[in-house]
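Reviewing the structure listed below.
The values are calculated or read from the model by the stated rules, or taken from the named source; none is laboratory data. All values reported here derive from a predicted model rather than from experimental measurement. As a convention, Cβ positions derive from the backbone with ideal geometry for all residues, glycine included, and neighbour counts pool all protein chains shown.
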Amino acid sequence: MRDVGLDSVLRVRVPAKINLFLGVRGLRADGYHELVTVMQTVSLYDALEVGLTGPPGRGHHPAARKHMGIELRVDDLDGLPAPDDNLVLQAARALGSRVGLTELASVAAEGPRTVIDLSKRIPIAGGMAGGSADAAATLVALNELWRCELDREGLKEVAAEVGSDVPFCVIGGTAIATGRGTSLAQVLCRGSFSWVVCTAGTPLQTAEVYRAWDRTSRPSEVEPDAVLTALRSQDPVALGAALHNDLEAAAFALRPELAEARAALLDAGALGAVLSGSGPTLLALCADPEAARVLADRVRADHSDVVVTRSPAGGPDLERGPAWGAGRR
Ligand code: C5P
């Protein structure tokens with residue numbers, strides 16, 4: 001952590017998520033959509049470092065305090081929401097109010113201050129839960145830093161207040177979700193799968209895609225069984241055929257070029273290709289890492305960024321260590 005003078009910090013590496021199956025069952029009374037979705041983490045990570053500064057000799061239990069300054073520093077601000085909309089700060093506030101830290105000031109006055117350094121690699125507003133992953137990393141890190149002592153269930157409850165994808169990002173791995181996307185059950189996945197992640201230059205807002213779904217689509221009854229069987233039997237060909245996303249019609253109505261790009265991925269040899277979450281990121285499944293590298297080279301020119309990844313990628317990974325210092329990452 002630069003410029004703060006801390007020797008020791010907590011560091012969390014947190015993976016992006018993809019939806020292997022996303023079924024939209026309809027619009028709910030609370031304005032959200034009822035979902036059945038199978039999610040998995042992929043090896044594309046953001047990293048977050050947190051540390052506590054303050055007057056020496058006042059190191060009593062951080063969660064017993066009422067006031068706390070909080071400062072978020074990001075390595076690349078391009079495309080990130082304004083601080084008040086930022087999911088990292090929303091997560092910090094939600095955890096703070098859960099443990100009685102009711103006055104989290106974003107500009108630190110005197111007294112203790114939590115500093116958060118965020119390094120972004122997951123595409124912003126790309127349908128890969130980048131903001132939700134950062135929020136999950138914040139919850140995991142601050143739970144430790146502030147000694148809140150919430151268990152995973154407690155963290156998932158706070159996570160659901162922050163966003164629909166955040167509870168999954170707290171756990172990672174492979175899971176099936178229902179409701180708003182926050183009721184989770186872990187799913188068996190044998191082995192790993194190779195993906196080419198194709199990012200578009202212009203992001204899509206999730207709420208806009210769901211509004212387009214209201215106009216273009218009807219509730220579907222497609223079930224995720226084929227995806228679950230393919231994950232259990234480590235069968236990339238079956239998984240490629242089973243990939244499904246009910247938000248595609250809506251996203252393709254907003255961005256017709258995505259439909260062509262998805263077809264081009266299949267023509268270029270993908271076992272399956274699907275929109276990731278609400279898009280605009282597209283995912284192409286390949287038989288193995290080598291096939292993914294070959295496909296990535298074939299389609300690189302068609303996208304703003306193309307990355308080879310594997311899934312599943314576990315969950316947030318917390319370690320205590322020396323600060324990054326000037327030569328960070
Ligand atoms: O929960 P989150 O804040 O991440 O959701 C962002 C937006 O996506 C919501 O405001 C809503 O418009 C839409 N959404 C939805 N149904 C869901 C999840 C998200 O309509 N299950």
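Can you tell me which residue within the range 181-191, out of those that are under 13 Å from Q234 (Cα atoms) and surrounded by fewer than 16 Cβ atoms within 10 Å (Cβ to Cβ), is nearest to the ligand (Cβ to nearest atom)? Selected residue: L188.
The range 40-159 holds strands (runs of 3 or more DSSP E) entirely within its bounds, and those carrying 2 or more residues that are out of contact with any Leu (no Cβ under 6 Å at 6 or more places or on another chain) and modelled with pLDDT under 85 map to 67-74, 103-105. Exactly one residue out of D297, D246, D288, D267 is crowded, with 21+ Cβ neighbours inside 10 Å and of a type in the set (D, E, K, R): that is D246. Here C198 fulfils each of the conditions (1) part of a helix (DSSP H, G or I); (2) more than 14 Å from the ligand (Cβ to nearest atom) apart from (1). Looking at the structure I just gave you, is E161 charged (D, E, K, R), under 17 Å from the mean Cα position of the chain (by Cα) and within 16 Å of the ligand (Cβ to nearest atom)? Yes, satisfied.
It is to be established whether one or more residues within the range 300-309 are without any contact (Cβ under 8 Å) to a residue 40 or more places away in the chain and on the phi > 0 side of the Ramachandran plot. No, there is no match, as no residue in the range 300-309 is without any contact (Cβ under 8 Å) to a residue 40 or more places away in the chain and on the phi > 0 side of the Ramachandran plot.
Being surrounded by 14 or more Cβ atoms within 10 Å (Cβ to Cβ) and in contact with a His (Cβ under 7 Å, 6 or more places away or on another chain) holds for only one residue in T178, T206, T199, and it is T199.
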